[in-house]
Structure formats: C-alpha cells, structure tokens
1. Return the long-range amide H neighbours of residue 130 (sequence gap of 5 or more, or a different chain), with a cut-off of under 5 Å between placed amide H atoms.
2. Give the peptides 699-709, 174-184, 727-737 in descending order of average Cβ contacts within 10 Å, highest first.
3. Determine the distance separating the Cα centre of the range 132-201 from the Cα centre of the range 212-241; give it in Å without decimals.
4. Using only Cα atoms, tell me the angle between helix 762-788 and the longest principal axis of the chain; keep it within 0 to 90° and round to the nearest 10.
5. Whole-Hz Karplus ³J(HN,Hα) for the range 95-108, in order, using 6.51 cos²θ - 1.76 cosθ + 1.60 and θ = phi - 60°, x for Gly and Pro?
6. Name the long-range amide H neighbours of residue 409: under 5 Å, sequence gap of 5 or more, or other chain; modelled H, no Pro or chain starts.
7. Between the alpha-carbon centers of the range 245-274 and the range 714-791, tell me the distance in whole angstrom.
8. Once you sort the root eigenvalues of the Cα gyration tensor of the range 60-168 as a ≥ b ≥ c, which label holds: rounded (a/c under 1.5), prolate (a/b larger than b/c) or oblate (the other case)?
Amino acid sequence: MDVSFSINNYYKIMTVISLLFMLVMPIGSVMAQSMLGYEIIKPQPSMFSYINPTTIGLTKYPAQSGVNDTTAGMVILLPTYYLPLSYNFSAGQFVNIYVWSNQSISIYLMNNEQYSAFSSGQSYTYIYEAGGSIIERSFYISGGGTYYIVIDNNNQGSAFVLYEITESPSPEGPNFPMGIADYGLALLQGNLLAYEYSTDMFVGEVTIYNASTAEPSYCPSLEVEPGNTWFSTQLNVVILIQTANGNTQYYWLQDVVRFNSQSDQFQVLDNIWNDTGSTSVINSALISGNGGITSSGSNVFYYDWGIEQPQSVSLPFTIYLVIKVGLNSNGYPWAAFGYSINGQTTTWYDNVTIMIPSNYASITVSPPNPLLNRYVLFNDAELVVAGPWSSECTIANTLGVELGLYFKYGDYLVPIPYMWNFGMHTAESILNASSISIGPGMAFVKNGNEEPTYIMGYFALLTIYNSINGVTNTSIVTPGTPVKIGEPEIIVFNNGTRYVLQGYVINGSEYLSAASLSIVINGSTSIDIEWVRQYMVNVTSPIPILVNGNATSNYSGWVNAGSTITINAPKYYALNNKTRLAFQYFYVINYEPYYTINYPYNLSFTIDSPMAFTATYTRQYLVNIVSAAPIYINGSAYTNYTGWVNEGSSLVLTIPRYYQLSNATRYVFNGNNTAITLTVDEPEELSINQWTRQYLINISSQYPVNINGTTTTQYTNWLDAGSIIVVRPSTVFTDGLLLQEPGLTLVVNGPMTINIKWTINWVLTAALYAVVVIIIVSIILLIRRSRRTMP
C-alpha cells in the first residue's frame, strides 16, 4: 500500500464494511469518567462525515495564516506538483523554513532568474536546497530583493505539507502556539483523511502542573513585552451561521485563560472575530454581550470581554473552558463562554448574541478550504498554550500543562478524534515548547524542541483488500472493534474461472491460512484476502499425449493463473497396415478468440485465461509408386516414389509418352492414360509397367531394298527391343552389271546403324550377257533365214 494518500484512487471512507464485520462498541460506551455533568464516551466513526480531500481546494491553493513576518500554510501537492512562495527579503536577514510532510519532499530557495528556469522546465540552479519529510533550516540572505521558496513534490504519491516561513535577523525555529488542534484532517497509515462534524459545545480541560514563562526581547514574527510572565491557554472554535437570507457566516470564538507564571494568578476572557469576509468587521449594533467592540489595527474589529481581576491559585491548577452556541427564540445566534474550577458546575461569564436572523448556528470542524475565499480559512478547534495577548510570543523556561479537548455529542462529551499539536488560527505563539499525545483528545505541553506535527488519531484505519476483484474497502473503526471475515473456500465463475482462498495477510507480514478470520483491531490494520485465480484447462487428443509429463488423451484440470502447462504430442503415431497419424496443429480455444498453434508439437504455454487445447492429427497412408521410366508426381519426377500421404489427398501422375535415354534408346509408354489423379484413401502400391524399350534403327542403301515390307534406300525407325528386322535380298542391274545384296534378318537388342553392301554378281552378269548373245545370235539367224525364204 502506498504510504502517501492516493488522489486518483482516493479511498472512500465508510463507517461499516458491508457484510464483513460489524461494530460492537455501543454509543454509550464510557471512558469511566464524567465532566461538567456529562459522561465521556469514546468517539465512534458514525459521529463524523468524511470528505474527499481533493474537493477542499488544498490541491490548488494553500490555506494560509500569519502574523507580521511569518507565513504558515497547509497544502496538498499532487505528484510532480510544486508550490512557489514569493517574498521580498531584506539583505542581511535569515529565512527560516519549517516544513512537515507525510512523505519526503524538496525545498529550494531561488532568485527570480532561477525560478524562471525552474518553472519553465529548463535546467535550473538554486541558492539553497534541502529535502526530507521534516525540514527545519535557516538560510542567510546576503542581498535584498524578491526570492522564491519552492516546495517541490517530486514523488509518485501526493504529499500533505505544513509549512512556516519567517524572516528574522538571526536563525530561528518554528513559532506556533502548542497544544491540541483538530483541523478536520488526519493521517491514517500515511493516507490523508478529511472529515467534518458539528456540535453545540466544546470543552477544554487545562491542568497546569508547573510553568515559568517570560516574553523575550525579540520575537521573529510576533509582538513582545520583554519580561512579561503571563501566558495563555486558549479554547478557540468556529461557529457557522446560516442567515435567514441564505448567507453563510463564520465567527472565531475564543475562551481564554491567562496565567501569570510568576504569581500563579489567572484571568478569563473571551473574544469573537468575524472570519467571513476579507477583513474582520463586527457591527457593534448587531452584537450584544458584556463586552464591546475593539480594534486590533488595520480596520480589524473584534468583540472583547474579560474578568479583569486576577485570581490566585496553587499548582497543580485545573480549569475547564466551555463554549456553547445556539439560536434564541428570535432566531438570533448566541455564544456562551464559561469556565469551571471544580469540573462540575460552570460559570457562564459572558453570553453574546449576534442579532442577525438565522436558521442555523453550530460549532463546526471541517478541513480548510481555500475555495471559500474567506478572511480566515480554518474551521478548526484549538486548545493551545501561547503568548498572553495582542499577537505576542513567550518562551517556556519550564512548562507542564495537560490539555484535553472534547465536543458535545447528544448527552455526552467525546474526545476529538484526531490531534495536531499546534494552532494555525491563534495569533499568539510560544517558543521552546512541544506537545505530545497522552491519550484520546489529550496532550501534554512541556518545554523542549518545538516540532509542529500530527500527533495522534484515536481511530484505526481498517483496509481490506480483496484480490478476487482488486477492490480495496477502507473504513475507520474504533480500537477494540472485533472484525470477522468469512469467505468461501472456492468461488467458481461460469467462464471457466475460479478463485481458491489461500488465507489472510495481516499488515503485510502475518499470514493466516484459514477460511475465516476473527481479530480485534487495536491499531490501523490492513488485511489482504489472498486468493489464487485458476483457469479451467482442457486438453484432448485422438492419441495419448503428455500433459505436464503424464500420458493422457483427455486432460481437464484447474491451473493457477500465470503457471505453465507443457504439452508433448508425438509427431507421428503409427497404426497398422501402412497407416499412421501425423500431428498437424493445436487448435486452441481461448473462449474468444480461437486460434491455432502449428508449431511446435511440443509446447509450454503460460495460462492467463481459460483455455482448451485440441491436438489435431491427420491420417496418412504409405504410397509406393515405381516406374521403369521417370514419371511426374505432383510436378516432381520419380522412378521410385515412397511417401506418407494425407487421407483424401490427391496425387497427380503425369506419364510422358516417351522418355529418351542416351545412345539412341528410349522408353515408350504403351498405356492409354498419361494423366492419372490418384485419391489416397488407403495404402497404395502402384507400378507403372507399361513401358517398352525402343532402339533407333538406321538402315541406308545405295539402291532400294525391302525392309520389313517397305522398299526404301533410307530406313529410320524406333523399334521395340527384341523385334525382327528383315531386309530381303535384292538384285539390281546398273552400269551393265548385276549388283546384289544378300538380305539379312536382325533381332533388335540395341541401337543400329546399317549400310547395305552391294556386290557384283559376276556369274549372273556373265549369264546375262550369254543370254543376250544367244538372243542376238538367234535373232540374226532368224533374220537370215527369213531372207532365204522370200519369193
């Protein structure tokens, strides 16, 4: 949990966390004492209304007060924001800076040029710098002029800042009235809390055990009467009035006891200041009481009355200061001022009526709000020790004063719920004094180092964080409140998500593993309800696969969010008869959307949602195709194809009609179909055996010959291996000669190139010529014979 309060995730303050616990402290629970006839009960969260701190204007403007050369203020600085404060300082003076914050911040003292660079985001320098959550420094100003004091929140969280700036001729510390104050602001576990409440009566209990004070010769921010041994304890509150015409007015009521630390004498007095407008003005015609209107200078007027005659007492001395308000029968607001020495009966020494018709009048405590644009911005209640009067300061040499601040709630008195140890509204101050908490609504003021700060919150901040929905519920509870939390061990949602209760973590360290928790809240407590988010993961597969190392074909289980699931699927799973299953991809349903993971078949997956994995396999068959000559299968040439083919896939076989080998040899496909589409739905054994080897035959002859029935002089043809070539014998007569070739018969068992050889057949040629001669002789003889026989 961020130690600073968060603006973007401002927690809503609730009196009760619904269904988780119930407050058991009844409103009548007393603190075993009474005061002025009223029982004192413990504060309850329901007595107060809670406000978002970002709505009260402190994130935009500071709420300031100051007297003479001092400025004190409160502001909320968002992350990376800064507050610039401009001053005209005199040469040779010291600038005294006191800063208190709920987280570490930085302060810078800059001149005009340095601040200009800083505010414009440029590289900058500074005269002095300091950092921390409590800063008390005095810086020397060598040259007069305009300077800037910059309070810078350079952190991730928002910072609540209290500051005081004083100019003096020597180093000085902070200069506040010290005691108890309720500003409607508190810090619980570093978170800023804003709240408000109203009442018709406040009581301040003051016990002086010892005191030795004296005003110094110089006070850096206030007036002095050197040597004056009087100091004051002041009960100061604000009455809010709603007038009949709809206006809102604020008046600062002071019930003061002055005490002379040398003679142990006291006086009581009261003042009323108008905090409404730009200056304090009270019309004497509209106010009625024992006192009258007095000016403090600069046109600031206030009502004043007091018992002048000092009364002597012995220490320890206890006095109760009482302020009560209301509306009279005429609708006029009134304020009664009283005191009590015995704690039982009250002496009402002044009753003041403001004669303005009104509908409402109540003492109000609420956070300072600069957006109201009032004369004084604080609706606080203060019971503080300070200088005696007239904006004077005093120094505590020895001091022991016990204070208790209570407001009336119904018929009871209740200690204020939260305490700061300084006053911002009171004009007087005390040096060398500190205030510490000693109980609910009670503080002890003693001499020592002055450190204005937040000192106590009676209530405890209970923060319950439920990781099931990321919601933080924050409430204010009374110490001693029992808290019971019961959660189901498992919560299942219908989208495949569930939460398993692990237990409870208390204040970030103590762990309780149980279904229910029962504790008593004694201080601010954080409770984390720890759940483990799990998602339903399903893994299915047609064959056994490994899920987180275990073989299964159907896995279903709850898996912690952010954990890893490992899935090992075999790449192939063999079946019988030349059939197998081949991994394709994981089909993943992430509810929305779905997608596929096709790599790898072994994976590790971080589970960040409900998921379903399906291992997808396809059936494959072994296909063998052999061929004497290469054929094309899906575009690639094979003579011996062996492969696993997805079921239903097609193999396109393209068979060339001829396949040419070297040295005049080729294959010729004798089948009828040279384009075959094979749909694979079972194992296949296919042989392309319709091939015939052929050889190129070349036969040439000078003269025509008959080759396998064809007469030609040039025979070229592809013939099947083993076929017969018959060249019939031939005879030709040329150039007076008879030429012949003997013919031949060949078995084709390879490429052939043959040149037919012709030879002269002398026998036939001689016989031919003999016949011719005989014929010629015969003809001649025949002719001669014919001549002899002619008449």
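1. Hits under the 5 Å cutoff: 107.
2. 174-184, 699-709, 727-737
3. So the separation of the two Cα centres works out to 20 Å.
4. So the helix axis and the longest Cα principal axis differ by about 40 degrees.
5. Coupling constants for the range 95-108: 9, 9, 10, 10, 9, 10, 9, 7, 8, 5, 9, 10, 10, 9 Hz.
6. For residue 409, the qualifying residues are 414.
7. The range 245-274 and the range 714-791 have Cα centres spaced 165 Å from each other.
8. Judged from the Cα gyration tensor, the range 60-168 comes out oblate (a/c at least 1.5, b/c at or above a/b).
Every read-out reported here was derived from the displayed coordinates using simple, explicitly stated rules and does not represent laboratory data. Everything numeric in this text was worked out from a predicted model, so none of it was measured. Counting neighbours? That spans all protein chains shown, and the Cβs are built from the backbone with ideal geometry, glycine included.
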